[in-house]
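The values are calculated or read from the model by the stated rules, or taken from the named source; none is laboratory data. Bear in mind the structure is a predicted one, so any value in this text is a computation, not a measurement. Please note: Cβ atoms are built from the backbone with ideal geometry, for glycine as well, and neighbour counts cover all protein chains shown.
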Amino acid sequence: MADHDYVGMWVTKDGHIRQELLPNGRYDEARGTKKSAYQGSYTVTGNHIDYIDDTGFTATGDVIDGVLYHEELVLYRER
């Protein structure tokens, strides 16, 4: 899983939502002051990301021009 370029921290412009894509195919998402609000696994196919959280909820995202569009969220790579 670590052989793609999307591993790392992604954040909304206001910093309220922080989603870390881990090299082991897991993710950890913080919302506001709630650390680990959502956790689960993800897979990458090209520029598309499929998520499944630990409760079974699924979501998708696409990275376009270095920006992650994850459902209604727009996240930017934290450098």
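Pairs linking a residue in the stretch 59-79 that is β-branched (Val, Ile, Thr) to a residue that is modelled with pLDDT of 95 or more, with Cβ atoms under 6 Å and 6 or more positions apart or on different chains, are THR60/ASP50; VAL63/ASN47.
What residue, among those in the stretch 43-54 that are in contact (Cβ under 8 Å) with a residue 12 or more places away in the chain and among the hydroxyl-bearing types (Ser, Thr, Tyr), is farthest from VAL7 (Cα to Cα)? Of everything passing the filter in the stretch 43-54, TYR51 is farthest from VAL7 (Cα to Cα). Scanning the stretch 10-42 for residues that are surrounded by fewer than 16 Cβ atoms within 10 Å (Cβ to Cβ) and in contact (Cβ under 8 Å) with a residue 24 or more places away in the chain yields LYS13, GLY25.
Among residues that are surrounded by 14 or more Cβ atoms within 10 Å (Cβ to Cβ), modelled with pLDDT under 95 and either closer than 16 Å to TYR76 by Cα or not β-branched (Val, Ile, Thr) (or both), MET1 is included. Scanning the stretch 48-71 for residues that are aromatic (Phe, Trp, Tyr) and under 15 Å from MET9 (Cβ atoms) turns up nothing.
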